[in-house]
1. Against the conditions (1) part of a helix (DSSP H, G or I); (2) away from chain A (no Cβ under 14 Å); (3) touching a residue at least 40 places away in the same chain (Cβ under 8 Å), where does B:Ala151 fall short? Just the number, please.
2. Looking only at segment B:40-53, filter to residues that are surrounded by fewer than 22 Cβ atoms within 10 Å (Cβ to Cβ) and in contact with a helix residue (DSSP H, G or I) (Cβ under 7 Å, 6 or more places away or on another chain); which one of those is nearest to the other protein chains (Cβ to nearest Cβ)?
3. So B:Glu73 ticks every box in (1) in contact with a helix residue (DSSP H, G or I) (Cβ under 8 Å, 6 or more places away or on another chain); (2) away from chain A (no Cβ under 14 Å); (3) part of a helix (DSSP H, G or I) but one. Which box is left unticked?
4. Of these, A:Phe206, A:Phe201, A:Phe219, which one is at pLDDT below 95 and within 30 Å of A:Lys41 (Cβ to Cβ)?
5. Check B:Ile68 against each of (1) surrounded by 23 or more Cβ atoms within 10 Å (Cβ to Cβ); (2) at the interface with another protein chain (Cβ under 10 Å from one of its Cβ atoms) and name the one condition it does not meet.
6. Can you give me the ranges of the strands (runs of 3 or more DSSP E) entirely in segment B:157-257 with at least 1 residues that are of a type in the set (S, T, N, Q) and in contact with a helix residue (DSSP H, G or I) (Cβ under 8 Å, 6 or more places away or on another chain)?
7. Take segment B:127-148 and flag every residue that is modelled with pLDDT of 95 or more and either outside any strand (DSSP E or B) or among the β-branched types (Val, Ile, Thr) (or both).
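The values are calculated or read from the model by the stated rules, or taken from the named source; none is laboratory data. Every value quoted in this text rests on a predicted model; they were computed, and no experiment measured them. Backbone-built Cβ (ideal geometry, glycine too); neighbour counts: all protein chains shown.
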2 protein chains.
Amino acid sequence: MSEAPHLTFDLETPGVSRGHLVVPGGADSGELSLPIFSLNKGEGPRLLVTGGNHGNELEGPLVARRLIEWLPEAQTCGRVIVLPVLNPLAVQAWSRNTPLDGLNLNRVFPGRGDGSVTERIADAVSRVLLPMADTIFDLHSFGPAWDFPPAATTHPIADRDLMARTVRMAEAFKLPVTLVWEYNDTVGMFDILAQNQGKVFVCTEFGGGTVGADNLAIFEAGVRNALIALGLVEGKAEYPTFLEKKSGQILETRPSDELKSPATGIFEPRCSVLDEVKQGALIGILHPMDSLSAKPIGIRAPGTSIVLAIRSGRHVHVNEEVAIVARPQKI
Amino acid sequence: MSEAPHLTFDLETPGVSRGHLVVPGGADSGELSLPIFSLNKGEGPRLLVTGGNHGNELEGPLVARRLIEWLPEAQTCGRVIVLPVLNPLAVQAWSRNTPLDGLNLNRVFPGRGDGSVTERIADAVSRVLLPMADTIFDLHSFGPAWDFPPAATTHPIADRDLMARTVRMAEAFKLPVTLVWEYNDTVGMFDILAQNQGKVFVCTEFGGGTVGADNLAIFEAGVRNALIALGLVEGKAEYPTFLEKKSGQILETRPSDELKSPATGIFEPRCSVLDEVKQGALIGILHPMDSLSAKPIGIRAPGTSIVLAIRSGRHVHVNEEVAIVARPQKI
């Protein structure tokens, strides 16, 4: 029997609802029930907030949980739907992809109702939730192996009006970085599906490394700022402080801004995120492991830029990504 | 043929030598050659510095590499042997234990010449290097899943004179924390073997989370401070700054200071390392994943203490460790 994906409650119910998004079972697994929160205050913006798209990025689910706690007191109009964990199988396994079928949820949208479990989750979200929202915040982060500043990001969008509205929405988070990210591997992303339907979609990248109390407070402030900008809650935006740097710079990065390891060995980071570097500046060092006579290899900035992401010191293979640089957006 | 473990050079050679510690092959793998550095300036302290005991703690190997760069200019007497990577198989796999035999190198000392590869590495270090040193620094860290302050640690030692000398050596790193760590699972540790031979053994715990440029500079300063205290190099100790906190507090922690998760779910850290907390203070929150109606569970400080280690926000199982608290050492 192929039951359709559905909610265990009616989104039209005024006020707070707590229930589940039911993802039907299939050949590889039984039915999944994803906990979901809805607050319907009638007319106004319709926002969908999702976290846990990738299972080793837990900043999103934690900030989504905090949002659920204060939203009932704060929301003055409109509708907000919060789904803290899109992919519970990946979260439980602390894994980017779903262990059961090996798929990356953020590359299988819009999904398939008769597909494997990851495709069925995407199908349920695409069919049941996406039509109910005009704006989507999908809360990602950069994972444990990288340092990355708190950022609200978008990919370039062909529709110039939608692009302008999306960048404005991303800026409203008032995070240290607003990022326009040109990216090749975009087929099947949640972002693309939503943008093709004319919706404003902001993908946050809530830092990297350990998920700690100080950074969670920054990310929570970012989401509150965005809700204020949407008019869903009242208040004044706060600019969070991060590494004593000014919040709110708009950066852009392209595939050619990714720095790769020149050899296999141990990568040593020699700079920190948001460092401003000149052409030729030392970004990191690759230490070959075979011999202490072999010279370490410097990895240098290809041009004047800002360090956006830096890999944690660890063993890497030749051509593995070790840093991403960015530049202020050209106006 | 059972060749004995050996060095490819003579430690008695004056000045700098670079070569390998050869770990003979066995049933499970061929011979390993571990790159090793020696600087022999004659009479004086005899120090052995090791890193990469656990393969997902790369701070040690990176600081060991830096030490090798400046030691030839700086060392004025004595002998220093540096082995940056004890377990290359684990480092290449970014794994605490050796993938080939599943063993934790730091639980199989003194090792066995006819054992599996991890036991053969321990045997080579125990037989070839340990007799050549009076003081050993084994450079560990807390790994990517935890926040932890830069610390020099020892376990309690029955021999009171050796204990006093070991704590004095650990303090000489001038790191934010000097830690006396009471620990149950100590059979087969490198520490115990060396201490049973009357040697001073300091195990550093160089923080946790991502391995970044700022923290590496703190760890490097710690090792330089310790070498100054030993009289191997000249200079003045520097107290590194960490989280704007004073360096050099001596803490102690016991097995009962480990806080466990009360249930399975997503752990949210609510404090930071080195926070001073009173009894009942909120250390973290456990969020059950099944339903948004289920109440989050607070994890609280058992007594007035200092937060020593805090788990990164992620999915944890019931009874998994989520924090370690500590107290100033009683004098």
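1. Only one criterion in (1) part of a helix (DSSP H, G or I); (2) away from chain A (no Cβ under 14 Å); (3) touching a residue at least 40 places away in the same chain (Cβ under 8 Å) is unmet by B:Ala151, namely (1).
2. That would be B:Arg46.
3. Status for B:Glu73: all satisfied but (1).
4. Working: A:Phe201 fails: at pLDDT below 95; A:Phe219 fails: at pLDDT below 95.
The match here is A:Phe206.
5. Unmet for B:Ile68, out of (1) surrounded by 23 or more Cβ atoms within 10 Å (Cβ to Cβ); (2) at the interface with another protein chain (Cβ under 10 Å from one of its Cβ atoms): (1).
6. In segment B:157-257, B:177-181, B:200-206 are the strands (runs of 3 or more DSSP E) which contain 1 or more residues that are of a type in the set (S, T, N, Q) and in contact with a helix residue (DSSP H, G or I) (Cβ under 8 Å, 6 or more places away or on another chain).
7. Selection gives B:Arg127, B:Val128, B:Leu129, B:Leu130, B:Pro131, B:Met132, B:Ala133, B:Asp134, B:Thr135, B:Ile136, B:Ser141, B:Phe148.
Condition check ((1) assigned by TED's automatic domain parsing to the domain that holds B:Ala164; (2) more than 17 Å from B:Ala151 (Cβ to Cβ)) across all residues:
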site: B:Gly208; (1), (2): yes, no
site: B:Phe219; (1), (2): yes, no
site: B:Ile228; (1), (2): yes, yes
site: B:Glu238; (1), (2): yes, no
site: B:Pro262; (1), (2): no, yes
